Amino acid sequence: MSAPVFRLPTRRGPLELGPESQVAGILNLTPDSFSDGGRHLDPEAAVAHALAMEAAGAALIDVGACSTRPGAEAVPPAEELRRLEAVVPVLAARLRVPISIDTWRAEVFRRCHELGADLLNDVSAARLDPEMPAVLAATGAPAILMHMQGEPRTMQVAPRYDDVVAEIGAAFAQALDRLAGFGVSCDRIVLDPGIGFGKTLEHNLAILRRIEEFHALGRPLMVGTSRKSFLGQLLDRPHPADRDHGTLATTVWLRSRGVQLLRVHDVRAAVDALTVARHLDNEGRS
Ligand code: HH2
């Protein structure tokens with residue numbers, strides 16, 4: 001059976017996800033993100049980086065201004081918005097690909113949507129801010145809902161599951177139901193199991209080994225492994241910048257399991273890996 005193609009409506013036209021894996025490029029406007037904090041604080045440098053990721057083949061640019069790394073304290077909403085307001089309108093004018101905003105704050109997303117952003121990427125699956133479902137309903141925007149156990153400040157203290165994949169699946173079903181109650185159709189939703197968000201090394205590995213089970217939910221999947229600490233643990237690489245080769249192994253693995261969207265820092269490397277893997281597959285032969 002051929003893999004489905006999902007069409008998410010955005011103001012820039014439909015974002016088509018599947019059958020091939022595509023890449024979402026990460027743009028962090030933060031001083032403290034775990035791997036690239038401080039590199040794109042200057043709005044001009046941030047825009048240049050986004051354009052370079054688009055040129056390298058990113059299908060989506062994911063912009064964040066509040067780090068969610070383990071233990072992080074949230075920045076005040078005014079500061080998060082200040083960082084985004086300096087960049088989002090320029091990106092909206094200059095990018096051809098859609099822009100997602102990595103925020104769990106409803107007011108931040110509402111304003112960024114007004115400024116031209118297309119999708120929400122919420123690491124709390126629209127749970128941390130009670131206003132988020134209503135804002136999603138009002139904007140009509142598609143959303144990436146990520147699973148997280150707890151909240152960033154405490155999520156890595158003692159994550160616990162009996163069956164991590166089943167429990168994330170149940171949480172996704174609950175999130176879709178809850179949003180449907182606000183008039184947000186599941187047709188606009190992408191699901192992400194949240195690698196590293198309230199998960200141990202074993203939990204992260206189980207999610208990646210069994211990632212195909214999430215296809216049963218009937219929605220496109222996004223996965224973010226890029227430079228994360230489980231790779232550091234496997235490879236004994238304390239510095240995130242030394243984890244790009246490990247990231248590429250997950251890129252190829254996730255493609256072979258039909259994951260539609262891969263959230264990465266190094267877009268060029270991921271697109272190269274996906275292109276080579278596609279040519280090696282019978283289905284991809286031209
Ligand atoms: N990971 C991070 C942030 N947002 N969103 C989704 N949907 N999935 C993820 O895996 C994910 C995410 C963490 O990575 P990064 O943005 O590089 O770091 P920080 O949160 O420190 O800014």
Just the number, please: percent antiparallel of the DSSP beta bridges in the chain, rounded to the nearest 5. 10 percent
HN-Hα J couplings of segment 187-197 from phi, Karplus 6.51/-1.76/1.60, θ = phi - 60°, integer Hz, Gly and Pro as x? 4, 9, 10, 10, 10, 9, x, x, 4, x, 9
Protein accessible area in the chain, 1.4 Å probe - carbon and sulfur %: 53 percent
Output the antiparallel fraction of DSSP beta bridges having both residues in segment 1-116, as a percent to the nearest 5. 25 percent
Share (percent) of C-alpha pair distances in segment 20-280 greater than 33 Å works out to 12 percent
With +1 on each Lys and Arg Cβ and -1 on each Asp and Glu Cβ, and nothing else charged, work out how big the dipole of the chain is about its Cα centre, in Debye to the nearest 20. 320 debye
What shape does segment 127-286 take by its C-alpha gyration tensor, where a ≥ b ≥ c are the square roots of the eigenvalues and a/c under 1.5 counts as rounded, a/b above b/c as prolate, and the rest as oblate? oblate
Surface accessible to a 1.4 Å probe, per residue, for the residues of the chain, Å²: 43 Å²
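The values are calculated or read from the model by the stated rules, or taken from the named source; none is laboratory data. Computed from a prediction, not measured in an experiment: that's the story for all the values here. Backbone-built Cβ (ideal geometry, glycine too); neighbour counts: all protein chains shown. Heavy atoms of the whole protein, side chains included, go into the accessibility calculation; ligands, DNA and RNA do not. Shrake-Rupley method; radii C 1.70, N 1.55, O 1.52, S 1.80 Å.
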